Amino acid sequence: MPVGEQGPGTAEQQVRIEIGIDKTLRAIAGVLGAEYESRAAGGGGAGGKWVFTSVDQLDSLIKKWTAVRDAIDDRRKRIEDARNRVYPPANDIMSQLQAKALKTSLSTMSQHADSMFRYATAYVRKLEIARSTYRDSEHRNTARMNETDRD
């Protein structure tokens, strides 16, 4: 790499940058009234690829993202539970409107949590595929080297 150029950074840095870009594009699309399909769940770093230096690095990232996904899933369940427990405290219109507004807000939270859960699930899946591909490649390379040593 030429002097003064930076590499792609660690996998965690790449993920943070990608999430930041995704949030920015989503906000811009929202202001413009457009739909935004996240590319982050299906993409990666430079050229659509992440750079990993070891299976251990991938395992660490998978562990972190699995924990994030599980925490999101727990929050989804708690949000849904809270939404199902909302009732107007009285039969007057204001009580009913407030309960309805809270349920609407919790439904929006639930939709957001569902979106984050799908993102995290897809990302864990991508990392697991990358780990499998990385390991397969390492095994093939090792086998080739062993064959070369025998010749």
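Kindly indicate whether any position in the stretch 79-98 is part of a helix (DSSP H, G or I) and closer than 24 Å to residue 19 by Cβ. Within the stretch 79-98 (the criterion being part of a helix (DSSP H, G or I) and closer than 24 Å to residue 19 by Cβ), the answer is yes, since at least one residue qualifies. Within the stretch 14-26, the presence of at least one residue that is modelled with pLDDT of 75 or more, exposed (fewer than 11 other Cβ atoms within 10 Å of the Cβ) and either in contact with a Cys (Cβ under 8 Å, 6 or more places away or on another chain) or β-branched (Val, Ile, Thr) (or both) is confirmed.
Listed here are the residues, each with its yes/no results for (1) surrounded by 13 or more Cβ atoms within 10 Å (Cβ to Cβ); (2) at pLDDT 90 or above.
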residue	(1), (2)
84	no, yes
98	yes, yes
104	no, yes
109	yes, yes
119	yes, yes
140	no, no
143	no, no
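Determine if the stretch 40-55 includes at least one residue that is within 20 Å of residue 118 (Cα to Cα), surrounded by 14 or more Cβ atoms within 10 Å (Cβ to Cβ) and at pLDDT 75 or above. No, that holds for no residue. Only one of the numbered conditions (1) surrounded by 15 or more Cβ atoms within 10 Å (Cβ to Cβ); (2) at pLDDT 90 or above is not met by residue 134, and that is (2).
Exactly one residue among 148, 142, 121, 133 is closer than 30 Å to residue 55 by Cα, of a type in the set (S, T, N, Q), in a helix (DSSP H, G or I) and in contact (Cβ under 8 Å) with a residue 40 or more places away in the chain, and that residue is 121.
The values are calculated or read from the model by the stated rules, or taken from the named source; none is laboratory data. In this text, all values refer to a predicted model and were calculated from it rather than measured experimentally. Virtual Cβ from ideal backbone geometry, glycine too; neighbours counted across all protein chains shown.
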